[in-house]
Each structure stands twice: as structure tokens, then as C-alpha cells.
Amino acid sequence: MLEVDDLGPNGVEAVLTLAERDPAGLPRSLAGAGVALVFEKPSARTRNSSEMATVALGGHPVYIQGAEVGIDVRETAEDVARTLACFHRVVCARVLDHRTLVRMRDTLDDAGVPVPVVNLLSDRAHPCQALADLLTLRQLFGVDGARHRPVAFIGDANNVWRSLALAASMVGIPTRVASPAGYGPSDADVARVRVFGGDLLVTDDPAEAADGAGALYTDVWISMGQEAERQERLAAFAGFCVDEALVARAAPDAVVLHCLPAHRGEEISAGVVDGPSSVVWQQAANRMHAMRGLLAWVIGGDAG
């Protein structure tokens with residue numbers, strides 16, 4: 001499961017159904033099994049959610065820092081995957097380059113090794129976050145209600161946006177994205193979202209995206225590895241802050257989402273992220289529930 005559309009619409013529904021179930025009622029399908037958690041990039045929410053989700057299913061999580069395996073430095077991504085598959089039921093990785101995940105998956109598939117590879121984040125996609133986002137919207141508005149509440153993503157059309165737009169499209173939630181010139185989605189991204197019939201608005205005007213939206217979503221403007229672009233990005237994204245004025249343009253009961261960490265005063269105001277419209281902590285907690293559902297699904301869990 002390297003990108004959220006690998007699941008397909010039925011898979012997304014199955015994962016969310018599993019995520020909504022009381023963990024006490026789920027089979028301990030990872031009992032006695034290990035789950036490798038490889039982190040080339042550090043994370044608070046991804047590590048904690050993945051470890052606790054593994055434990056909830058009876059498994060043993062093993063956190064592995066990038067330097068410990070040295071992908072393509074000490075040994076190839078292919079050899080790392082084969083090694084970890086000797087010990088673990090699932091291999092999960094948070095990587096710098098999405099192609100690393102593709103190589104890990106392909107080498108296990110080619111060798112006939114039945115160990116799934118799960119993307120915990122790459123430069124291309126953040127599928128686990130998107131599943132948590134859908135779960136949050138379902139909890140707030142119900143399955144049908146969420147389909148009538150457009151989600152407006154304000155900022156860089158990055159890996160978080162891409163996975164969110166694909167996931168929302170697969171379950172019938174309309175999306176909008178407002179980005180400055182040079183930071184919007186590619187034509188290929190737009191076409192991919194619309195493969196699933198997704199209702200997508202692309203604009204360079206945050207106000208247009210926010211008008212009447214049921215949810216506003218943003219992410220940091222400067223991600224890990226982009227620090228050298230800080231001043232350039234701050235200048236480009238001026239006017240794209242999710243602040244009180246932008247929230248006022250959305251629906252009266254609109255909610256605000258952020259995948260965190262938040263840079264108050266940059267992509268979001270302190271008054272919004274800490275205010276009554278914010279559901280960022282519910283969203284963060286759902287990372288664990290979504291991951292539990294995903295792990296149960298990739299090892300053949302029953303969503304019935």
C-alpha cells in the first residue's frame with residue numbers, strides 16, 4: 001500500500017470500517033508477529049500511531065532509524081526489504097524518495113515473499129494521513145454528510161494534498177485546492193483524482209476555495225528538506241494563511257484540519273488552530289485508529 005488509491009474505493013471503505021471498530025473486538029491478527037517501522041525521516045504522530053496500532057493487534061513494533069539500516073548506503077533498499085521480511089509480518093517505511101518504497105515492494109513481490117509494504121510517508125504520498133482525515137470527516141458528519149461538505153486545501157499541492165484528494169475522490173467528497181503559481185497540482189495529479197469521478201476545483205485564490213467549504217485544510221509551507229527554500233516559499237505563500245478571515249468565508253459550521261506540526265503565524269493563525277473550529281487533535285488521534293484499520297486490512301483482516 002504505497003499510495004491510497006492502491007486500496008481502491010472498496011479497500012478504503014474496508015479500512016475505515018475496521019478503523020471504526022472497537023479494538024477490543026478486532027482479532028489479534030498480529031499476535032506473535034513483528035512490524036518493521038523504518039524511519040528515514042523522524043515523526044511524532046506516525047511513529048506513535050504505528051506502534052500503538054501494532055500493539056492493539058497483538059504485534060510487536062520495531063522502530064528502525066534510517067542510519068541503522070542505511071538504505072542505499074550500507075545496503076540496497078532491495079536487501080533491506082528482504083532482510084526485514086525475514087523477521088516481520090509487515091514492513092512499513094517513512095522515506096525520502098518514493099522510489100525506495102517501490103523498489104522494496106517490487107523485490108518482495110518478485111521473490112514471492114508475502115510481506116506487505118506500507119508507505120508511512122514519502123515525497124509523493126502520505127496515504128496513512130489521508131485515511132485518518134477521512135475517518136475524522138466521517139466521525140464529524142457521517143458517511144453521507146461528508147459527501148456534501150467540500151474540503152478546501154489551502155497551500156502547497158504536496159504529498160498530503162495528493163493523498164487527501166485521491167482518498168476523498170474515492171469516497172465521493174468534493175475537494176478544492178488553492179495554491180500560488182508554481183505550487184499547484186500537475187495536470188497528471190488532476191487527471192488521477194478525476195479517474196474516480198472526483199469533484200475537484202483548482203484555483204490560485206484561497207477565498208474562492210474557502211467560500212462555503214465544509215472543511216478547510218492546510219499543511220506547513222516548508223517541509224523537512226526544504227529549509228533552504230524558506231524565504232522563497234514564505235514570499236510565494238503570502239496571503240494563503242488559514243486565518244479567521246478565511247474561516248469566516250467557509251460554511252458556518254466548517255471545521256479546520258491540519259496534519260501537524262503547525263507553524264502558527266505562517267500557514268495557519270494561532271486563533272484558528274487553537275480555536276473552536278479546529279479538529280486537529282481528533283485528527284491526530286485518528287492516525288492511530290486509521291493505522292490499526294490499515295494493518296488489519298493488509299494482513300487480511302475482515303471488515304464485516
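Computed from the coordinates by the stated procedures, all read-outs in this text should not be read as laboratory data. The structure displayed is predicted, hence computed values, not measured ones. Cβ: placed from backbone, ideal geometry, glycine included. Neighbour counts: every protein chain shown.
Summary of values
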| item | result |
| --- | --- |
| In nm, spacing of pseudo-spin labels at N10 and H60 (7 Å Cα→C-beta vector) | 3.6 |
| Listed residue (T218, V55, G275) projecting farthest to the positive dipole end of the chain, Cβ model | V55 |
| Three-way shape label, region 1-61, alpha-carbon gyration tensor, a/c 1.5 | oblate |
| Electrostatic dipole magnitude of region 129-284 [Cβ: Lys, Arg +1; Asp, Glu -1; Cα centre; debye, to 20] | 460 |
| Dipole moment magnitude, nearest 20 debye, region 1-147 about Cα centre, only Lys, Arg, Asp, Glu C-beta charged | 380 |
| Listed residues H148, L131, L26: farthest to the positive end of the dipole of the chain (Cβ charges) | L26 |
| Amide H partners (placed H, <5 Å) of F196, local residues excluded | none |
| Cα-based equivalent ellipsoid of region 168-223: semi-axis lengths in Å, sorted from largest, via gyration tensor | 18, 15, 11 |
| About the Cα centre, charge dipole magnitude for the chain (Lys/Arg +1, Asp/Glu -1 at Cβ), debye | 760 |
| Rg in Å to one decimal, and Dmax rounded to a whole Å, for region 129-284 via C-alpha atoms | 14.2, 43 |
| Cα lying deepest toward the dipole's positive end in the chain, options L201, S169, T83, charges on Cβ | T83 |
| Residues of region 260-274 with amide N under 19 Å of a point placed 7 Å along Cα→Cβ from A235 | 266-267 |
| Cβ-based exposure ranking for L7, L131, L2, in which fewest neighbours within 10 Å come first | L2, L7, L131 |
| Reciprocal mean inverse distance between Cα atoms of region 58-155 - Kirkwood radius, Å | 15.5 |
| Under DSSP loop assignment and at most 14 Cβ neighbours within 10 Å, longest trypsin sites (Lys or Arg not before Pro)-free interval of the chain | 75-304 |
| Binned Cα-Cα distance frequencies in the chain - 20 Å width, integer % | 35, 57, 8 |
